[in-house]
Amino acid sequence: MAKATRVSFGEELVELGATHPELVVFDADLSKSTQSQHFAAKYPERFFEMGIQEHNMIGAAAGMALSGKKPFICSFSTFVVGRFEVIRMSIGYSEANVTVVGTHCGVAIGEDGYSQMALEDIALMRTLPNMTIIQPADDREAKAAVRFLADHQNPAFLRLTRQGLEDLHGDDYEFRFGKADLLRDGSDAVIFATGGVVYNALKAAEELESEGLSIRVVNIHTIAPLDADFVVQCAKETGRVITVEDHSIVGGLGGAVAEVLGERQPTLMKRIGMTEYGRSGTPEDLYVHFGLDREGVKRQVAAFLKG
Amino acid sequence: MDLTIPALQRSANEMRIDIIRMLHAAGSGHPGGSLSLIDILTVVFLRYIKRTKENALDPDRHRLVLSKGHGVPALYAVLARCGVIPHEDLITLRQVGSYLQGHPHNGSFAPVEASTGSLGQGLSMAQGMAMAAKLDKKPYKVYCVMGDGETQEGQAWEALLSAPHHKLDNLIVILDYNKGQIDGPTNEILNLEPLGDKLRAFNWDVQEIDGHDLAAIDAAVARAQAENGQPHFIIANTIKGKGVSFMEHPTEWHGKAPNAAETEAAIKELEALLN
């Protein structure tokens, strides 16, 4: 059943409240949307409603982390990561053990339009040398990532979706931090995908089999530190690389893969993602409009490989 | 250590000499705001925080966040006085390889508590530390020293709105109100006044003192120990460059290091204060 990774996050955070007494949660007047409301209801003394003050929330959480707590701070990704310079100083450079939880990423939030969409957040966070970045692609992976981050002693960014995501993994799935997740083997090309569009990329690859294309699909849940060795290996073995993400193709997964390959394994690439500002529409219509639906990915991959 | 007011005054002036020597050796830095700040830090660190090498990283220690990070030479000087920094290391300020960064970086040197220097952010971090103390029911106090220029930042006003809401009476802010910033006098660049009225309206417990009168600083900080449900704000009226006659100017000595002749003249003046 399709489930938003923000919902998975909210459920898992409540579970962790019982086992992690140092865990504290902050929100900036969006706890119903970010799903931190469940933790707030169960552990009110460890939940801090900061009002609409993202700068101050970032700084206060950093201060708490420097005093031994493990804060998760929640907002729409564009509102919290948009206060980047405070993250840079108070979390990154201060080495504060804070997890920034950014929900409502990508154009798939739909009708609210660009002002609420985070399309540049990965690019910003990737520039901080000590920032862990995780973007899960389904419910199981999201819960595993939240569990991992609760024990992770490092500044971190967790990027979550508003929209429901289909299951990609079974009950036996084991989240391995910093390791790419091979979903489908193939020899003609490799697709590296992350977050909400991994499912579309996988389905596109499956359907391209009938057109004689054997395409490997790799889910990149950990964008920083990137599994660079596996990226290089896949590029060597397939010779063609595609990236798919609901984010700007500048500085996101596409940028990260291009940087690695440019230095270690120059390979022809196609980056699929956002190249303009977002707009209003249903999530489905927007994915069709921007070519991030199954058909759009299929069309762009086929054109790249046959072109 | 002799903690009488005359002894503290002498210590503060000795640290002024340290600051001048550090800035001259570094060849850059901020003398005006360091000299305006040192009397405040002297009282807070020696009489209240009682910092020692042993307690510098104790989880229950009193904390001080220097939000106006450009005043860090004063913080290093007082930490050296407390035995946390070997005195001979002060001269490495701002040199590659030194742990004494040009603005506070807790990753290079943990006893500075937090990384500051991008103005307006320190109070939020101090607020978070005070919230952690409340959550853990620990008695430690959190001090935050701000500059007047950085109080123009939007984030500072977010925290000024937030800390009283959270009833953080374990948080003590001291404003080094030296009336100057890089481009000119603070009241001409962007006036803060009436500042006390604004802060009282925000539900802070406000005091206003002469920030170079050590007895007044001591009395204000003593009063700010009260746990009355309100965070405390001490407006300390100071003079930029205090103690060196030719540096006592709102803007001229904000961000330039003294040359050899100026250093010699400054130290001569400060040594006269010791005798």
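Using a cut-off of 28 Å between Cα atoms, the listed pairs A:179/A:236; B:134/B:242; B:167/B:240; A:32/B:141; A:69/B:179; A:143/A:270 include B:134/B:242; B:167/B:240; A:32/B:141; A:69/B:179; A:143/A:270 as exceeding that distance. The region of chain A that goes longest without hitting one of the trypsin sites (Lys or Arg not before Pro) in a DSSP loop, each with at most 16 other Cβ atoms within 10 Å, is A:1-175. The share of C-alpha pairs in chain A whose separation exceeds 29 Å stands at 31 percent. Of all the options A:214, A:67, A:75, the one that moves most in a Gaussian network model of chain A with Cα springs shorter than 10 angstrom is A:67. What translational diffusion coefficient, to the nearest whole µm²/s, does the stretch B:156-275 have by Stokes-Einstein, given a Kirkwood radius computed over alpha-carbon pairs, a temperature of 10 °C and 1.306 mPa s viscosity? Answer, rounded: 98 µm²/s. Taking every DSSP helix (H) stretch of at least 4 residues in chain A, weighting each as -39,500 (n - 2.57) and dividing the sum by the residue count yields a mean residue ellipticity at 222 nm of -11000 deg cm²/dmol. Axis of helix B:122-135 versus longest Cα principal axis of chain B: the two differ by about 50°, to the nearest ten degrees. Helical runs assigned H by DSSP (4 residues or longer) give chain B a calculated mean residue ellipticity at 222 nm of -12000 deg cm²/dmol, each run adding -39500 (n - 2.57) before division by the residue total. Counting only alpha carbon atoms, the long axis of helix A:5-19 and the longest principal axis of chain A meet at about 40°.
From largest to smallest, the equivalent ellipsoid semi-axes obtained for the protein assembly as shown from the alpha-carbon gyration tensor read 51, 25, 20 Å.
Would you look at the GNM of chain A, springs on alpha carbons closer than 10 Å, and say which of A:273, A:68, A:196 moves the most? It is A:68.
Of the residues B:60, B:218, B:169, the one that moves most in a GNM of chain B with alpha-carbon contacts below 10 Å is B:60.
With all pairs of different C-alpha atoms in the average, the Kirkwood value for the hydrodynamic radius of the stretch A:1-128 is 14.7 Å. The amide H of residue A:70, built 1.01 Å from its N in the peptide plane, has A:23, A:24 as neighbours under 5 Å, considering only residues 5 or more places off or on other chains.
Based on a Kirkwood Rh over C-alpha pairs, give the Stokes-Einstein translational diffusion coefficient of the stretch A:67-134 at 10 °C and viscosity 1.306 mPa s in µm²/s.
127 µm²/s
Bridges between two residues of the protein assembly as shown, per DSSP, are antiparallel at a rate of about 15%.
Could you please tell me the mean projected area of the C-alpha convex hull for the stretch A:181-306, averaged over all directions and given in square nanometres to one decimal?
Numbers: hull surface 27.9 nm².
Mean orientational projected area (the stretch A:181-306, Cα hull): 7.0 nm².
For the stretch B:5-274, the fraction of C-alpha pairs farther apart than 33 angstrom is 13 percent. For the peptide B:115-124, the mean number of other protein chain Cβ atoms found within 10 angstrom of a residue's Cβ is 6.
Rounded to the nearest 10 degrees, the angle from helix A:198-208 to the longest Cα principal axis of chain A is 10 degrees.
For the stretch B:5-274, the antiparallel share of DSSP beta bridges with both residues in that region comes to about 10%.
A short reminder: the numbers here are calculations on the coordinates, not readings from a lab. Keep in mind that this is a model prediction, so the values were computed, not measured. We place every Cβ from the backbone using ideal geometry, glycine too, and count neighbours over all the protein chains shown.
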